[in-house]
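Read the structure below first, then the notes.
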Amino acid sequence: MTPRQFLTHLRQDQLAPAYLFLGPEPYQRDWCRKALIERLLPDPELREQAFTRHDLSETSLLAVLEDACSLSLFASQRLIWASSAEAALPRARPAPGEPELPASPDALARYLKDPTPGTVLVFESTRYSYEGEDRKKLERVREFFSAVPIHVDLAPLGGEQARAFAERLAGQAGLDLGPAELDLLVETLGGEAARIAAEIDKLRLWAAAGRPIGPQEITDLVPDARAASTFALVDALARHDRLRALDTLDTLVRQSEYLPLALSFLSSQFRTALAAHEAGLSSPSQIRAHFSALGLSVWPSKAAQIQRTLSAFSPSQLSAALKKIFQADRALREARPDDRVIMEDFILRLAS
């Protein structure tokens, strides 16, 4: 179940006796937690007595279930929140001095067959991501808590999801952000929902004074948005536009950009384009699908940029560009280098 499906469930259905919140995404988790609290415990004055927290890295699952079986003298409805749910899984080797408490998925299943009326259990696991080796560990947590009737997946937003999320929040904040501004905002914030929400709130305060919001304002106000100038440098080099590339370099210098970091980004861009060439990719959608399957997040605008780069450079030109990047990087590491001169020489060589 996605977070939005969970919110629909809260509005339309009866509450389940238990939920599993699975994944590291903090904004949507807080969003779902607040909605559940407001649905189950609508009276703010009773929440302190009716809301209990446990940490399964410190408390056993059996102790949490015993608490759930207890009736409260002060509240007819209870919410029991158990964080670090992954700690309930059995360990191959207990830590020194740690008691060997039995894993109890069966005890959880028995409780859920006859749960305490008015009590809702939430197990929260935030340690593992949905990528790489963590995915297997995440599935072990899901399997251990398989008796829990509803699992809410709190995965990081994908490219299209992040953009739709930013567009929705911008509309709610009364901001008129165009496609270019939305793409820049989402990409520079890595699609992180919490950061997108915080920066849109900041932009709302800026716009409240009647000031416009365009790419330059986002570059000035949003952390890491200066990376957009580095994207512009890549595009200029892809078009072999020396003048535009040198002008972009001047912008990076005026923004006090750390030029070795910009060169590192260029290296990543050319390596990715070379990998796309070798994989026979030709469109932004193919690029996104290919690298997503490898566990790499590629936003639509980044995929389009990679496609432009591999269209502008042949594989041999990309390999030659990587050699020039290596030479420039080595020059930047020498004693007392003039970073700007080194980068200008690199641009003139590459855009020839």
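Tabulated results
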{"item": "Considering residues of region 34-55 that are in contact (Cβ under 8 Å) with a residue 40 or more places away in the chain and under 25 Å from the mean Cα position of the chain (by Cα) only, the residue surrounded by the fewest Cβ atoms within 10 Å (Cβ to Cβ)", "result": "37"}
{"item": "Checklist (1) in a helix (DSSP H, G or I); (2) assigned by TED's automatic domain parsing to the domain that holds residue 201; (3) surrounded by 21 or more Cβ atoms within 10 Å (Cβ to Cβ) applied to residue 138, failing item", "result": "(2)"}
{"item": "Region 13-28 - residue that is under 28 Å from residue 197 (Cα atoms) and at pLDDT below 90 and, of those, nearest to the chain's Cα centre (by Cα)", "result": "25"}
{"item": "Those helices (runs of 4 or more DSSP H) lying entirely in region 164-274 with at least 1 residues modelled with pLDDT of 80 or more", "result": "193-207, 242-254"}
{"item": "Residues that are more than 22 Å from residue 134 (Cβ to Cβ) and either of a type in the set (D, E, K, R) or touching a helix residue (DSSP H, G or I) at 6+ places or on another chain (Cβ under 6 Å) (or both), drawn from region 145-164", "result": "147, 160, 163"}
{"item": "All positions within region 334-352 that are exposed (fewer than 13 other Cβ atoms within 10 Å of the Cβ), under 29 Å from residue 314 (Cβ atoms) and modelled with pLDDT under 85", "result": "352"}
{"item": "Qualifying positions in region 18-29 - closer than 16 Å to residue 82 by Cα and either crowded, with 20+ Cβ neighbours inside 10 Å or not assigned by TED's automatic domain parsing to the domain that holds residue 123 (or both)", "result": "18, 19, 20, 21, 22, 23, 29"}
{"item": "Matching entry among 106, 43 (being closer than 18 Å to residue 142 by Cβ, at pLDDT below 90 and charged (D, E, K, R))", "result": "106"}
{"item": "Cross-chain or 6+ apart pairs with Cβ under 7 Å, region 68-97 first and outside any helix (DSSP H, G or I) and at pLDDT below 80, then crowded, with 20+ Cβ neighbours inside 10 Å and of a type in the set (D, E, K, R)", "result": "72/78"}
{"item": "Lone unmet requirement of (1) assigned to a helix (DSSP H, G or I); (2) among the polar types (S, T, N, Q); (3) farther than 18 Å from residue 241 by Cα for residue 307", "result": "(3)"}
{"item": "Single residue of region 275-291 satisfying the filter (loosely packed, with under 15 Cβ neighbours inside 10 Å and part of a helix (DSSP H, G or I)) that is modelled with the highest pLDDT", "result": "278"}
{"item": "Filtered residue count, region 292-304, keeping only those that are within 27 Å of residue 249 (Cβ to Cβ) and outside any helix (DSSP H, G or I)", "result": "2"}
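The values are calculated or read from the model by the stated rules, or taken from the named source; none is laboratory data. Bear in mind the structure is a predicted one, so any value in this text is a computation, not a measurement. Because the Cβ atoms are built from the backbone with ideal geometry, glycine has one as well, and the counts that use them run over all protein chains shown.
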